[in-house]
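Written below as structure tokens is the structure these notes are about.
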Amino acid sequence: MSVAGRWASVPPEVRRRGVGGAASLLGVPDVGDRGAWESVDAGTVDGVLAEAAADRALPWPRTVLSDYARYWRDGVRVAYEGPAGELRRRTSTAVLAAAMSGEHLDEAADGLLMLCEQTTWCWAAHESFATARGEVVADPDDPYVDLGAAETVQLLAWADLVLGPALDERVPGLRRRLRREARIRVFQPFLTNRDWHWLGLDGRLHNWSPWIQGHILSAALLLEPDPETQLQLVDAAVDGLSRYLDAMPADGGCDEGYAYWWNGPARLVEALELLDRITDGALDPWQCEPLAELAQYPQRMALGDGWYVNVGDGPARPNPRQPWHVLHRWGRRLGNPDVTAFAAAHRDEPLSPALGLGRVLIGLFDREWWSAAAQPLELPRSTWLPDTELLVAREAGLTLAVKGGHNDENHNHNDVGSFVAAVDSVPVLVDLGQPTYTAISFSPRRYEQWVVQSAWHNVPLVDGAEQAPGAEHRAEDLQPEEDQLTLTLPGGVVRRTAALDRDTAAIRVTDTWQDGHAIVEHFVIAGTPHHHRAGELVVRSLSGALVKLSWDAELGPGDLERRAVDDELLEAVWGPEVHRLAIDAAGPTSFELTVSRFEETL
């Protein structure tokens, strides 16, 4: 049964009681329950109070029109999104500090009112209403509901829950303002406009759907005073969440990658858990497919030491500060000790206000999470995701990940058949991942960005042509085995087999084609090249390991191109430069690359 079906089967009186009484059923106490707040993890309290004290010494972030307009003027998004995010982060920190210590209440109120006074909560990159008018100023009477609006309304809702009595005493009237802004900016547009692309009514669903609708759900439970409107909001959010889960592949894969998994499937599960809490377990969504598979995705994609198999716009080394308590509870609900153990392996990661106020508050009062013992990191020997078309195989410090798929995936890169080779957890032949987003990132000019082009992935140039975007450009005739994947690349010319040879501790990638085609093999390298000669290149990886790439010496040394990394996000992962090895395979009808440890010393 779908989530929507389960929700409909909950007795109406249980739904009404749960929705109307959510504030007392979610398991998060208000500031008046000093016993509960004084029992919060001392290390987390110290960290939040130190952060709040540091914030006090700084001016509040300012969101100004000139920064907003830069999206249209020169394509820059971060000039506005940075201060807007910092205002939310600082307000969340002040709310937590006020609940933990009784101090910082004025800072929390100041931040909440500043959020209410913003002309828009929508980020410029998403403000299509203004764009359609040929303007750069958002219209408060025609608000666009996007990720920024969702993040802001959830902050207001959870702040109201925990600080409500204190706000009424200190700043009477603020809570009424919070409700007004939530109603005008989010609730009314959500109910009256069903054209939002993130609803997925056209069948195209991505992480916006659970991210936005999960936040609308929590905000409706905590801020909407009218019972009938509250039920309408919750029912609409449940319908959207159910549609998103129904669209997930049965294998539990996420075509947006591990980093976006936290803002896709994880957001979904957080929302489902809220519904389960307010119905006292009557919803019981945990048997819905494919929740059990989705919970295993982070472990299946982990390389170790903070590195992950990345696809599309996913970073290979994302922020380790994730809400691991969410995954831990998910594993507990499923009764899956592998999932809970993987989450517990990250038990020491701080619970940061930057994660979002709701996530932090739920985590603070998850007693089982705080009592969980840290676990060693255990990774599966091999994973094949048949719907997502992704193979990951590991052996003795070597990891091979190879993808099929198509070139119209969410956050797509033109990378069908590309692979990642990692040694001691660290990628050497890499997928560069997400660059800093600008105005062209999700525009018709998207593929002008070098990092999304197939020429900067580990796939060949075929007859002088790169892979093109579009769902018709896909892998064909896939033959998966435990340690290898064979597939035909888009265009039907090249047949590729990528394999992990456990006996010889090597990764081998073999391409074959019919005579008469010009093939140039491309390999994107992170690390420092050494000993470049015909048939061989030694690379010192970012971890210091020595890795040998070898091929038929008759093809020569190939061309090794250095490229400066001119993007802050990419540089934070890969350093100031990467290299691309291009080998002209003209003449033969096959090519093989071997990746192994270099056992000698430099």
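The values are calculated or read from the model by the stated rules, or taken from the named source; none is laboratory data. Fair warning: this is a prediction, and the values are worked out from it, not measured in the lab. We place every Cβ from the backbone using ideal geometry, glycine too, and count neighbours over all the protein chains shown.
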Odd one out for VAL48, checked against (1) loosely packed, with under 14 Cβ neighbours inside 10 Å; (2) assigned by TED's automatic domain parsing to the domain that holds ALA98: (1)
Considering segment 1-15, residues that are loosely packed, with under 15 Cβ neighbours inside 10 Å and not small (Gly, Ala, Ser), and then whichever is nearest to LEU245 (Cα to Cα), we arrive at MET1
Filtering segment 432-489 for residues that are touching a helix residue (DSSP H, G or I) at 6+ places or on another chain (Cβ under 7 Å) and either part of a strand (DSSP E or B) or under 15 Å from VAL509 (Cβ atoms) (or both) leaves a count of 1
For LEU542, indicate whether it is touching a Gly at 6+ places or on another chain (Cβ under 8 Å), in the same structural domain as GLY492 (by TED's automatic domain parsing), in a loop (DSSP other than H, G, I, E, B) and surrounded by 16 or more Cβ atoms within 10 Å (Cβ to Cβ). yes
So, of the residues in segment 187-212 that are without any contact (Cβ under 8 Å) to a residue 60 or more places away in the chain, part of a helix (DSSP H, G or I) and touching a helix residue (DSSP H, G or I) at 6+ places or on another chain (Cβ under 7 Å), which turns out to be nearest to ALA157 (Cα to Cα)? PHE187
Going by what's in this entry, would VAL524 be described as of a type outside the set (Asp, Glu), in contact with an Asp or Glu (Cβ under 8 Å, 6 or more places away or on another chain), at pLDDT 95 or above and surrounded by 18 or more Cβ atoms within 10 Å (Cβ to Cβ)? yes
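Within segment 368-400, restricting attention to residues that are in a strand (DSSP E or B) and β-branched (Val, Ile, Thr), which residue is farthest from GLY335 (Cα to Cα)? Before the answer, list the steps.
Going through segment 368-400, the residues in a strand (DSSP E or B) turn out to be 382-385, 390-395, 398-400.
Still in the running and β-branched (Val, Ile, Thr): 383, 392, 399.
Numbers: THR383: 21, VAL392: 25, THR399: 28 Å.
In this case the residue turns out to be THR399.
Being at pLDDT 95 or above and crowded, with 20+ Cβ neighbours inside 10 Å is the requirement here; does ALA295 meet it? Before the answer, list the steps.
Details: at pLDDT 95 or above: yes; crowded, with 20+ Cβ neighbours inside 10 Å: yes.
Answer is yes for this residue.
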Keeping to segment 59-100, report how many residues are part of a helix (DSSP H, G or I), among the hydrophobic types (A, V, I, L, M, F, W, C) and within 28 Å of GLY358 (Cα to Cα). 11
Log entry, pairs with first residue in segment 377-388 being modelled with pLDDT under 95, second being buried (at least 17 other Cβ atoms within 10 Å of the Cβ), beta carbons closer than 8 Å, six or more apart or on different chains, reads LEU377/ALA302; LEU377/PHE342; LEU377/ALA345; GLU378/GLN299; GLU378/ALA341; GLU378/PHE342; GLU378/ALA345
Among (1) at pLDDT 95 or above; (2) assigned to a loop (DSSP other than H, G, I, E, B), where does VAL238 come up short? (2)
Would a scan of segment 491-498 turn up a residue that is assigned to a loop (DSSP other than H, G, I, E, B), more than 26 Å from THR399 (Cα to Cα) and without any contact (Cβ under 8 Å) to a residue 12 or more places away in the chain? no
Considering each of ALA344, ALA374, ALA393 in turn, give the residue that is in contact with a strand residue (DSSP E or B) (Cβ under 9 Å, 6 or more places away or on another chain), small (Gly, Ala, Ser) and in contact (Cβ under 8 Å) with a residue 24 or more places away in the chain. ALA393
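Checking the conditions here, which among ASP160, ASP139 is assigned to a helix (DSSP H, G or I) and either crowded, with 17+ Cβ neighbours inside 10 Å or modelled with pLDDT of 95 or more (or both)? Explain how you work it out, then say what you get.
Working: ASP139 fails: assigned to a helix (DSSP H, G or I).
Being assigned to a helix (DSSP H, G or I) and either crowded, with 17+ Cβ neighbours inside 10 Å or modelled with pLDDT of 95 or more (or both) holds for just one of ASP160, ASP139, which is ASP160.
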Here the qualifying pairs (Cβ atoms under 7 Å; residues six or more apart or on different chains; first in segment 313-332 and assigned by TED's automatic domain parsing to the domain that holds ALA345 and part of a loop (DSSP other than H, G, I, E, B); second crowded, with 22+ Cβ neighbours inside 10 Å and charged (D, E, K, R)) come out as ALA316/ASP431; PRO323/ARG359
